[in-house]
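Notes to accompany the following structure.
The values are calculated or read from the model by the stated rules, or taken from the named source; none is laboratory data. Given the structure is predicted, the values throughout are model-derived calculations rather than measurements. Here the Cβ positions follow ideal geometry from the backbone for every residue, glycine too, while neighbour counts run over all protein chains shown. Protein only, heavy atoms only, side chains kept; ligands, DNA and RNA dropped before computing areas. Shrake-Rupley method; radii C 1.70, N 1.55, O 1.52, S 1.80 Å.
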Amino acid sequence: QVQLVESGGGLVQPGGSLRLSCAASGMIFSINAMGWYRQGPGKKLELVASSPSGGTTNNYADSVKGRFTISRDNAKNTTYLQMNSLKPEDTAVYYCNVKASPTYYSSYETYWGQGTQVTVSS
């Protein structure tokens, strides 16, 4: 019903920047929260940043505050994660997460992107 397509991952040197994108498509009536998670090698899945609906303040993991910025374009059903001052410990597969309602009568459900690899290395 709802498909998420991520892009923007890759290899970057420490101190560099990347911008991830996640576009939602398919049967979408309404999108609530949008966010990004990541899972590093041998680590658990963790929340990186989230953007609640209604103009509520965005939330960030302590490890990325001041370096990462989440944004969303509601007209395009797209969320972005601008990552600056990247560190080797940011290396992970990054997943987009969206809470969307396919129809007026449907409740919100959680959808996941396929994941995009971000590698920070010199």
Open item on the list: Return the residues of segment 86-104 that are open to solvent by less than 50 Å² (accessible area, probe 1.4 Å), at pLDDT 95 or above and part of a strand (DSSP E or B); say none if nothing qualifies.
Closed with: ALA92, VAL93, TYR94, CYS96, ASN97, VAL98
Task: Within segment 6-49, considering residues that are part of a loop (DSSP other than H, G, I, E, B) and basic (Lys, Arg), the one surrounded by the fewest Cβ atoms within 10 Å (Cβ to Cβ) - done: LYS44
TODO: Scan segment 50-79 residue by residue and report those that are outside any loop (DSSP other than H, G, I, E, B), touching a strand residue (DSSP E or B) at 6+ places or on another chain (Cβ under 6 Å) and farther than 12 Å from VAL98 by Cα.
DONE: ASN59, TYR60, PHE68, THR69, ILE70, SER71
- [ ] Collect the residues in segment 70-92 that are in contact (Cβ under 8 Å) with a residue 60 or more places away in the chain and not small (Gly, Ala, Ser), keeping them in residue-number order.
- [x] TYR80, LEU81, GLN82, MET83, ASN84, LEU86, LYS87, PRO88
Open item on the list: Can you report the number of residues in segment 73-85 which are open to solvent by less than 80 Å² (accessible area, probe 1.4 Å), over 10 Å from the mean Cα position of the chain (by Cα) and under 21 Å from TYR111 (Cβ atoms)?
Closed with: 2
Task: Yes/no for TYR60 being out of contact with any Pro (no Cβ under 8 Å at 6 or more places or on another chain), closer than 25 Å to SER122 by Cα and aromatic (Phe, Trp, Tyr) - done: no
Open item on the list: Take the residues in segment 50-69 that are among the hydroxyl-bearing types (Ser, Thr, Tyr) and without any contact (Cβ under 8 Å) to a residue 12 or more places away in the chain; name whichever of them is most open to solvent (accessible area, probe 1.4 Å).
Closed with: THR57
- [ ] Go through segment 105-122 residue by residue and tally those that are touching a residue at least 60 places away in the same chain (Cβ under 8 Å), open to solvent by 30 Å² or more (accessible area, probe 1.4 Å) and part of a loop (DSSP other than H, G, I, E, B).
- [x] 5
